[in-house]
Amino acid sequence: MAEFYIGIGKLHANTELLETIKDALFYYAERIANIQKDVRELDELVKNPTRAI
């Protein structure tokens, strides 16, 4: 169990890695939001195809 906590401590000490992980998570969240928006738009188009542009 001690090795786990040592590993967590080393992870928290590596600020460069933490910044990379944070940036990746923010990018992932943004992409998911964009995909959800696209899916909602397509779903509306399927429900009402007369509104197609």
Report, to the nearest whole %, how much of the accessible area of the chain belongs to carbon and sulfur atoms, 1.4 Å probe, protein only. 63 percent
Rounded to the nearest 10 Å², what accessible area does E44 have for a 1.4 Å probe in the complete protein model? 110 Å²
Summing -39500 (n - 2.57) over every DSSP H run of at least 4 in the chain, dividing by its residue total and rounding to the nearest 500, the 222 nm mean residue ellipticity is -29500 deg cm²/dmol
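In debye, nearest 20, what is the charge dipole magnitude of the stretch 12-53 about its Cα centre with +1 on Lys and Arg Cβ and -1 on Asp and Glu Cβ, if you could check?
The dipole magnitude comes to about 260 debye.
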Rounded accessible area per residue of the chain, 1.4 Å, Å²: 98 Å²
What lysines does K37 reach when the alpha-carbon gap must be under 25 Å and sequence neighbours fewer than 8 apart in one chain are set aside? K22, K47
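For the chain, would you read off the P(r) tail past 13 Å as a percentage of all alpha carbon pairs?
When every Cα pair of the chain is considered, 71 percent fall beyond 13 Å.
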Net length gained if the chain between I32 and K47 were fully extended (0.36 nm per residue, minus Cα distance): 3.2 nm
Going toward the positive end of the dipole of the chain, with +1 on Lys and Arg Cβ and -1 on Asp and Glu Cβ, which of T20, M1, L42 do you reach last? L42
³J(HN,Hα), Karplus 6.51/-1.76/1.60, whole Hz, each residue of the stretch 30-46, x for Gly, Pro: 5, 5, 4, 4, 5, 5, 4, 4, 4, 5, 4, 4, 5, 5, 5, 5, 5
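The values are calculated or read from the model by the stated rules, or taken from the named source; none is laboratory data. It should be emphasised that the depicted structure is a prediction, and the values quoted were computed from it without experimental measurement. Don't worry about glycine lacking a Cβ; one is built from the backbone with ideal geometry, like all the others, and counts go over all protein chains shown. Protein only, heavy atoms only, side chains kept; ligands, DNA and RNA dropped before computing areas. Shrake-Rupley method; radii C 1.70, N 1.55, O 1.52, S 1.80 Å.
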